[in-house]
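To start, the structure itself, in structure tokens.
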Amino acid sequence: MSLDEKSVAAVASRFGNVPKDAPGAEFDERAVRRMQRGVKVRTWLPYYLMLAPGVLYFLVFHYYPIYLAKLAFEDFRIFGDNLWVGLKHFGVLFGSPVFYQVLANTLIISGMKILFVFPVPIVVALFINEVRNSNLRRFIQSAIYLPHFLSWVVIAGIFIAALSPSSGVVNEITGWFGLAPKGFMTDSGSIRWVVVFSEMWRSAGWDSLLYFAAIMAIDPQLYDAAEMDGANRWHKIWHVTLPGIAPTIATLFILNVGLFMNAGFDQIINLSNDAIRDQIDIIDTYVYRIGLQSGQFSLATAAGLFKGVIGMALIVAAHTISKRLTGKGVW
Amino acid sequence: MRTNTTRFERIEQTIIVSALLLMVVVTVQPVLHLLAISLSDPAEVPGMSGLAVLPDGFSLDVWRLLITHPNVLRGLLNSVFITVSGTILNVVFTALMAWALSRPRLPGRRVLIVFVLVTIVFEPGLIPDYFVVRELGLLNSYWSVILFKMVNAWYLIILIRFFEEVPGELLEAAELDGANAFQTLWRVVLPLTRPALATITLFYLVYHWNDFLRPMIYLNDQAMQPLQVVLRQFVVEGDKAGMVGVQAMNTYEGASQINVRALEAGMIMLTIAPILAVYPLILRFFTKGTMSGALKG
């Protein structure tokens with residue numbers, strides 16, 4: 001599950017209040033049960049045929065990998081069967097300082113993103129709602145949604161160019177204030193902020209769409225009533241708009257916490273370089289590096305499995321809490 | 001309304017709009033700047049300001065070099081092939097599966113939905129995925145990247161929800177007319193859920209076009225790499241020789257004059273171009289879909 005599926009999931013949760021027993025379900029169930037088995041098979045067989053390729057896909061590409069994750073408990077052999085070694089690789093993993101470094105980086109980067117990126121789209125949506133001219137509003141929205149659809153390779157390219165010490169726009173602007181050019185991409189003090197800001201650049205606009213949609217759903221009469229009570233712009237935002245979108249904020253916040261272990265693989269693999277790797281190396285990039293680049297398959301699988309299990313606990317907890325709090329789950 | 005707008009409120013409004021316009025500039029300027037550099041006279045590029053959004057002089061040298069460069073051309077064709085074939089498979093199998101799972105009385109429906117949800121919740125990681133592809137003998141085959149995410153669980157769930165909204169009377173009417181499951185899907189359900197299908201198609205399209213990780217891992221042959229991987233080698237990994245190698249310098253007259261910065265800019269713009277081409281459609285379908293969902297909710 002990548003980060004940009006967050007927004008899809010949030011949208012999915014918006015459609016959650018479709019009645020479960022939609023029309024079409026309203027046949028007499030007892031009559032159905034009385035139907036002969038043969039009729040039942042004949043009715044549903046085409047549907048199972050349509051399901052078959054998809055189910056096969058999930059079995060092969062999603063369930064078979066779960067079985068293959070047993071590699072974490074084995075020594076990998078190029079020829080012959082792997083050797084079962086129990087928790088050996090987990091011992092190596094938990095005994096290695098590098099692992100704690102990447103775990104810490106994962107938590108720090110996810111934490112920074114929640115702290116500094118999460119609130120931005122809420123403010124953006126509130127601001128967009130205050131723009132009265134609908135053409136201007138549409139223009140702003142069209143521009144700020146775009147980066148969400150660009151790949152991290154492209155965004156990394158854009159940031160490398162914009163942050164270049166010799167020709168980048170950022171150093172040109174800081175130069176006006178007499179600051180010496182700085183290589184932000186290779187500076188261990190600034191690279192985590194590059195990660196945070198590039199995440200903001202990519203997703204603040206698009207994520208605001210979810211909040212904006214929630215604002216649009218607020219009953220306009222509430223604003224009229226507030227106006228009659230003499231409420232100004234800020235009163236209305238505070239007493240009508242924010243309470244109106246609070247469930248959406250809660251759902252997305254919980255979902256973000258549920259995805260805490262995913263600090264942004266696609267992003268970091270493209271922003272990383274030798275000078276600052278120790279600052280932003282996360283579990284995912286660590287798995288990629290030691291597994292696919294150095295061939296330590298078992299150790300890498302163990303690290304991936306560790307992340308998968310924690311991630312599963314978080315996302316299930318997030319779903320349960322969200323469901324209890326807002327009535328809408330994560331899926 | 002206008003009459004009781006105080007001066008203070010007008011200042012507030014100006015600040016809000018200015019903040020949003022600043023965001024627009026920060027979002028769009030870096031992209032326009034790269035476009036400007038790629039279209040500028042190569043001799044002017046080294047002296048250009050990072051703020052420039054208009055070309056300094058005009059030249060198509062960069063673009064000419066890019067679209068005739070063997071790696072770039074190969075990458076472009078590979079990207080188009082992977083994206084088109086991948087998206088077709090995605091949409092067909094996601095729609096078929098969603099249609100079956102949207103029938104409320106389908107025996108085993110709940111179990112199957114849980115079967116899908118489990119894959120969202122638990123991901124065993126990159127290495128087991130790699131070994132599946134390897135054991136299937138799909139390394140260095142386009143199938144590895146085409147089949148990966150053939151059915152995206154999230155999109156599947158969204159599509160099920162849309163299909164469930166199709167009025168049951170219409171489905172019953174079709175069934176009474178003797179339509180089979182495929183015909184009902186094709187003639188009744190799909191035409192009624194066109195915006196949802198379009199949205200999902202566009203999302204799959206963007207996913208395949210932007211994917212660099214799977215091709216990078218599963219395809220070792222340079223000739224099979226899509227544009228994103230070629231761009232990554234050039235801009236992120238800094239492999240300048242592969243792009244402006246000796247061969248290119250000899251082939252293209254004046255190629256040595258071309259600034260690496262301009263070439264990188266052109267390469268990024270080339271990779272973005274198809275996204276920009278479908279972006280109006282994305283805005284139209286997706287924002288509309290989200291809005292109607294919100295209004296109903």
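The values are calculated or read from the model by the stated rules, or taken from the named source; none is laboratory data. Only a predicted model underlies this, so the values are computations on that prediction, with no experimental measurement involved. Virtual Cβ from ideal backbone geometry, glycine too; neighbours counted across all protein chains shown.
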Inset, instruction - Please determine, by comparing only the residues of the stretch B:215-226 that are of a type outside the set (Asp, Glu) and surrounded by fewer than 21 Cβ atoms within 10 Å (Cβ to Cβ), which one is nearest to the other protein chains (Cβ to nearest Cβ). - result: B:Ile217
Inset, instruction - Test B:Ala36 against the criterion of being under 26 Å from B:Val230 (Cα atoms), modelled with pLDDT under 90 and not assigned by TED's automatic domain parsing to the domain that holds B:Ala265, and give yes or no. - result: no
Inset, instruction - Would you confirm whether any residue within the stretch B:196-206 is over 30 Å from B:Asn140 (Cβ atoms), in contact with a helix residue (DSSP H, G or I) (Cβ under 7 Å, 6 or more places away or on another chain), in a helix (DSSP H, G or I) and not small (Gly, Ala, Ser)? - result: yes
Legend entry - Unmet requirement for B:Glu175, which otherwise passes all of (1) surrounded by 15 or more Cβ atoms within 10 Å (Cβ to Cβ); (2) facing chain A (nearest Cβ under 7 Å): (2)
Legend entry - Lone unmet requirement of (1) within 7 Å of chain B (Cβ to nearest Cβ); (2) closer than 19 Å to B:Val17 by Cβ; (3) surrounded by fewer than 17 Cβ atoms within 10 Å (Cβ to Cβ) for A:Arg132: (1)
Legend entry - Scope the stretch A:300-331; condition surrounded by 24 or more Cβ atoms within 10 Å (Cβ to Cβ) and not in a helix (DSSP H, G or I); matching residues: A:Val330
Legend entry - Evaluation of B:Trp143 against (1) free of Cβ contacts under 8 Å to residues at least 24 places away in the same chain; (2) at the interface with chain A (Cβ under 9 Å from one of its Cβ atoms); (3) surrounded by fewer than 22 Cβ atoms within 10 Å (Cβ to Cβ) (one fails), failing number: (2)
Legend entry - helices (runs of 4 or more DSSP H) within the stretch A:196-299 that include 3 or more residues more than 12 Å from chain B (Cβ to nearest Cβ) and aliphatic (A, V, I, L, M): A:220-228, A:242-258
Inset, instruction - Report yes if some residue within the stretch B:131-138 is within 22 Å of the chain's Cα centre (by Cα) and buried (at least 18 other Cβ atoms within 10 Å of the Cβ); otherwise report no. - result: no
Legend entry - Test result for B:Phe182, at pLDDT 90 or above, farther than 30 Å from B:Leu65 by Cα and in a helix (DSSP H, G or I): yes
Legend entry - Residues of the stretch B:89-98 that turn out to be touching a Phe, Trp or Tyr at 6+ places or on another chain (Cβ under 6 Å) and among the hydrophobic types (A, V, I, L, M, F, W, C), as a count: 1
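Conditions (1) of a type outside the set (Val, Ile, Thr); (2) without any contact (Cβ under 8 Å) to a residue 60 or more places away in the chain; (3) farther than 24 Å from A:Ile109 by Cα; (4) surrounded by fewer than 15 Cβ atoms within 10 Å (Cβ to Cβ), marked per residue:
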{"position": "A:Trp201", "(1), (2), (3), (4)": "yes, yes, no, no"}
{"position": "A:Met228", "(1), (2), (3), (4)": "yes, yes, yes, yes"}
{"position": "A:His235", "(1), (2), (3), (4)": "yes, yes, yes, yes"}
{"position": "A:Ile254", "(1), (2), (3), (4)": "no, no, no, no"}
Inset, instruction - Examine the stretch A:176-185 for a residue that is under 30 Å from A:Ala302 (Cα atoms) and surrounded by fewer than 16 Cβ atoms within 10 Å (Cβ to Cβ), and state whether such a residue exists. - result: no
